[in-house]
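Just below is one structure, and these are the notes that go with it.
Quick note: the coordinates plus some simple rules give every number you see, no bench work behind them. Computed from a prediction, not measured in an experiment: that's the story for all the values here. Positions of Cβ are backbone-derived with ideal geometry, glycine not excepted, and every protein chain shown enters the neighbour counts.
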Amino acid sequence: MSSTESATAASAGVATGRVLVQIRDLGKNYRRGSETIHVFENVNLDIHEGEYLALMGPSGSGKSTLLNILAGLDTPDRGQVVVDGQDVTRMNSKQLAAWRSTHIGFIFQFYNLLPVLTAAQNVELPLLLTHLSKKQRHEHVMMALDVVGLTDRSEHFPTQLSGGQQQRVGVARAIVSDPTIILGDEPTGDLDAASGDEILSLLERLNTEFKKTILLVTHDAHAAGRAQAIMRMDKGVLSR
């Protein structure tokens, strides 16, 4: 898929904002002993500001790897990722950590909450890398918990929360720094249908009401159907 084709595909979504994310000629391989595993080659994609894009594909297709590279959690072998004018692929590990804390909101499939911390403390974690005061951090945390409807659970530990509530804490953690883009890696994959729909409705609200740009990786057609546009990745090839 060429850069022009991918840009055209992305712009077919509802969002009409400027191009926020530019992925160009991205390639990633892994080594397994003496064998080279080709995850993908020459991936090109534009994501517009305010777009809610779902990326579907079977396990092993490369979609989660692409998400991790976009989040600065993994590095490509070739190509470029530019987010809001910043070339992520040129950053070192220290720069990436600082950049992620303010620009990336990541929602994990299995919540990734620390069991020894309360909901509020888990949500606060990304803010510990910022220069906000303790009072400012608390204000941000309570606003994020209010958005996901969990202010009354702020002092509860993860084991005291249902799966759906834990994932809502995960969403609050993802939005607490007002990130440039929200990335979801199968965020409903470990939830029952009702809890999953609550999370999908919350993501829709973040997109429509708060104008957040969202990239959702999923193998679930129902979840993907809640997004504005759907891309597919299969055997490392990205297509509409």
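Structure notes:
- Angle between the chain longest axis and helix 134-147 axis [Cα atoms, degrees, rounded to 10]: 80
- The stretch 151-219 versus the stretch 32-71: alpha-carbon centroid distance in Å: 21
- Extension gain for the segment Arg31 to Asp190, taken as residue separation times 0.36 nm less the Cα-Cα distance, is 54.3 nm to one decimal.
- Value of relative contact order over the stretch 3-239, rounded to a whole percent, pairs C-alpha under 8 Å and six or more apart: 28
- Legend: ranking of residues Ile230, Ile181, Ile214, Ile37 from fewest to most surrounding C-beta atoms inside 10 Å; resulting order Ile37, Ile230, Ile181, Ile214.
- Here His131, His48 are placed in order of increasing Cβ neighbour count within 10 Å, fewest first, which gives His131, His48.
- Fully extending the segment from His38 to Ala97 would add 18.6 nm, taking 0.36 nm per residue of separation and subtracting the current Cα-Cα distance.
- Rounded to the nearest 500, the 222 nm mean residue ellipticity of the chain from helices alone is -10000 deg cm²/dmol, with -39,500 (n - 2.57) taken per DSSP H run of at least 4 residues.
- Candidate cross-link partners of Lys94 among the aspartates and glutamates, defined by an alpha-carbon separation under 18 Å and a same-chain spacing of 8 or more, comprise Asp74.
- Cβ-defined net charge surrounding Leu96, 11 Å radius [Lys, Arg +1; Asp, Glu -1]: +2
- For the stretch 37-94, the square roots a ≥ b ≥ c of the C-alpha gyration tensor eigenvalues yield an a/c of 1.5 or more together with a/b not exceeding b/c, which makes the shape oblate.
- GNM result for the chain, Cα springs below 10 Å: residue of Gly196, Gly105, Gly184 fluctuating most strongly: Gly196
- Neighbour-limited loop hits for GluC sites (Glu not before Pro), the stretch 80-160 (at most 16 other Cβ within 10 Å; DSSP other than H, G, I, E, B): Glu155
- Anisotropy class of the stretch 187-240 from Cα gyration tensor, a/c 1.5 cut: oblate
- Estimated inter-spin distance, Met142 and Thr159, nm [label 7 Å along Cα→Cβ]: 2.8
- Most mobile listed residue (Thr75, Thr159, Thr65) in the chain, GNM with C-alpha springs under 10 Å: Thr159
- Shape analysis of the chain yields a ratio of the Cα radius of gyration to the Kirkwood radius, Rg/Rh, of 0.96.
- Highest GNM mean-square fluctuation among Ala144, Ala97, Ala223, for the chain modelled with Cα contacts below 10 Å: Ala97.
- The chain: antiparallel DSSP beta bridges as a percent of all, rounded to 5: 55
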